[in-house]
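Novice: Sending over a structure as structure tokens; questions will come in a sec.
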Amino acid sequence: MAATKHKVQPNKIHVKKGDYVMVISGKDAGKKGKVIDVIRKKGRVVVEKANMVKRHTKPSQSMPQGGIVSKEAPMASSNVMLYCQECKSVTRVSFKVTEEGKYRVCKHCGETLPDKH
Ligand SMILES: [Zn+2]
């Protein structure tokens, strides 16, 4: 496995909810998906369909038998990198400032990154 930096910066997360990222370490390395949640306080992110954990649920009214539910678990934000769908690679953000405002763009191809929430 390639050396990865494990610098924890709890309040500075390089990705936002809705960003498309690739998991770069851990059991789901190589998986790509959208960031569905950012837990800024803990420096963690939740990525769609990555780091799935099974949870046993107690019987309830809607599920009288109880059951096993698969759910995404948060992972360290350093485990993911922004993935640019234009140049098909992991990338970093750079900023472009225009009269209309500040945009986040891909450092490789200069494509504007979508800001969806
Ligand atoms: Zn790009």
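Rule-based calculations on the coordinates, nothing more; no lab input. Computed from a prediction, not measured in an experiment: that's the story for all the values here. Cβ placement follows ideal geometry from the backbone for every residue including glycine, while neighbour counts extend to all protein chains displayed.
Novice: If you take the residues in the range 101-117 that are assigned to a loop (DSSP other than H, G, I, E, B) and within 13 Å of the ligand (Cβ to nearest atom), which one is surrounded by the most Cβ atoms within 10 Å (Cβ to Cβ)?
Specialist: Leu113
Novice: From the set of residues in the range 87-106 that are under 19 Å from Lys17 (Cα atoms) and of a type in the set (D, E, K, R), which is nearest to the chain's Cα centre (by Cα)?
Specialist: Per the criteria, the residue is Arg92.
Novice: I'm checking my understanding of the structure. Among residues of the range 84-100 that are more than 9 Å from the ligand (Cβ to nearest atom) and of a type outside the set (A, V, I, L, M, F, W, C), which one is surrounded by the fewest Cβ atoms within 10 Å (Cβ to Cβ)?
Specialist: Glu99
Novice: I'd like to know if the range 54-75 contains one or more residues that are among the small types (Gly, Ala, Ser), in contact (Cβ under 8 Å) with a residue 24 or more places away in the chain, surrounded by fewer than 15 Cβ atoms within 10 Å (Cβ to Cβ) and more than 16 Å from the ligand (Cβ to nearest atom).
Specialist: Yes, there is a match, as at least one residue in the range 54-75 is among the small types (Gly, Ala, Ser), in contact (Cβ under 8 Å) with a residue 24 or more places away in the chain, surrounded by fewer than 15 Cβ atoms within 10 Å (Cβ to Cβ) and more than 16 Å from the ligand (Cβ to nearest atom).
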